[in-house]
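Notes for the one structure printed next.
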Amino acid sequence: TNTIADLQCNMSLLTAVSLAICIQAHGLDRPKGSPQDVGDSLAAVFTKYYSKPTTAAEATDAGYSAVDGKCDPYLGVAYTQGGKLSKKTPEFIYFTPGGQLAGVAVDVYGTPETSLIDAGYFVKKDEQRYHISATFRAPDKVCSSSADEMVVGDRVVLNAAGPEGPGVNYHISLNETGAISQGFSRGSCFDGMGWHYFKDISGESTSQKMKFPLPAEHLLPIVPMYHEGKLNAIFFTTTKVQQTLLPPRTNGWEPIPLPNKLMCGNWCDTDCGFSGTAIWSTQHWYFHDHTKVICPSSLHCTLKGITCCEASKSLEL
């Protein structure tokens, strides 16, 4: 027997009220925390796990301000600490005009590899300042004043852009199987993060084996991490050291830059090595409670919860 909602759904002309009833009756509304949502929270920086705002109102309360108030049609409205552009506070959080999280980004000071710039993996903003971003909502959503129930969004897009750029518009898979099909190869597992996955953009590596030594310009500068098959975190990386020694400052990145040997801790491959650089800066972003992400107990870890691999592939750093 048809319900009133069913009959309303079949009407050729739906009023706003009957449309709302139809959506609710047939379960088409998207509840918070639904499988479409990338995550349920936002945090940044390995070992620190700083809680980050997921709404513009929270951002304002935390000292963030809009940089110029304009909405980039592919990124959203840019917020930084105090609304300023600075190497000390290079982190960006993007929001929609409706106040929802739209993406995250960071400015890299210094010039990354030319081939990565040319391909759109880093977007030049000023002399010696380059931008790398991850967008969480569709282009028709990032500048919308309306709101949905998702906390983070339904996608992760590296340097979202239109047909003319600048950017690369690279979609990161939200599941581990999809990452493998994209040619990402698995690295090591870390508690709080999950399994690291890396992409050789030259195409010389496969999902089964990264071709080492890897030229720095061949590494996709965003690294997804998966837990129980689903995206849990990402990190941005650059060979230009972003931390400063004097005075000592992390500048919003991880506490220390990683020499190649420590960067190799993200892999389970004794062949790991790089050419074109000796050091890396990284910045992690987490979409779920890191305390609930634990690597399988069957793995061998170099330290508790760090660089965890199958026993046959374990590394000693």
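The values are calculated or read from the model by the stated rules, or taken from the named source; none is laboratory data. These numbers come from a predicted model, not from an experiment. Glycine gets a Cβ as well: all are built from the backbone with ideal geometry, and neighbour counts include every protein chain shown. All accessible areas refer to the heavy atoms of the entire protein, side chains included, with ligands and DNA or RNA removed. Shrake-Rupley method; radii C 1.70, N 1.55, O 1.52, S 1.80 Å.
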**Message:** Once neighbouring chains are kept in place and the probe is 1.4 Å, which whole percent of the accessible area of the chain is contributed by carbon and sulfur?
**Reply:** 54
**Asked** How much of the DSSP beta bridge set in the range 126-283 is antiparallel, as a percent to the nearest 5?
**Response** 95
**Message:** Before I look further, what does the range 264-310 give for accessible area per residue, probe 1.4 Å, in whole square angstrom?
**Reply:** 44
**Item:** Percent of Cα pairs exceeding the 26 Å cut-off, where the set is the chain
**Value:** 48
**Asked** To the nearest 20 debye, what charge dipole does the chain have about its Cα centre, counting +1 at the Cβ of each Lys and Arg and -1 at the Cβ of each Asp and Glu?
**Response** 580
**Message:** Need one number: % antiparallel among DSSP beta bridges in the chain, to the nearest 5.
**Reply:** 95
**Message:** Along its three principal axes, how long is the range 176-317 when you only count alpha carbons? Whole Å, largest extent first please.
**Reply:** 42, 36, 28
**Request:** Heavy atoms only, probe 1.4 angstrom, no DNA, RNA or ligands counted: give me Glu176, Glu217 ranked by accessible area, highest first.
**Result:** Glu217, Glu176
**Residues of the range 178-220 with amide N under 17 Å of the 7 Å Cα→Cβ point at Asn260** = 210-220
**Fill in**
In this structure, the FRET efficiency calculated for Lys209 and Ser51 from their beta-carbon separation, with R0 = 30 Å, to the nearest 0.05, is 0.20
**Message:** With +1 on the Cβ of every Lys and Arg and -1 on the Cβ of every Asp and Glu, and nothing else charged, how large is the dipole of the range 212-295 about its Cα centre, in debye rounded to the nearest 20?
**Reply:** 220
**Message:** Multiplying the sequence separation of Asp126 and His300 by 0.36 nm and subtracting their Cα-Cα distance, what value in nm do you get?
**Reply:** 58.2 nm
**Message:** At a 10 angstrom cut-off on C-beta neighbours, averaged per residue, how do the peptides 243-251, 72-80 rank from highest to lowest?
**Reply:** 72-80, 243-251
**Prompt:** Which parts of the range 276-290 would a label at Leu245 reach, counting a residue when its backbone N lies under 16 Å from a point 7 Å out along Cα-to-Cβ?
**Reply:** 278-281
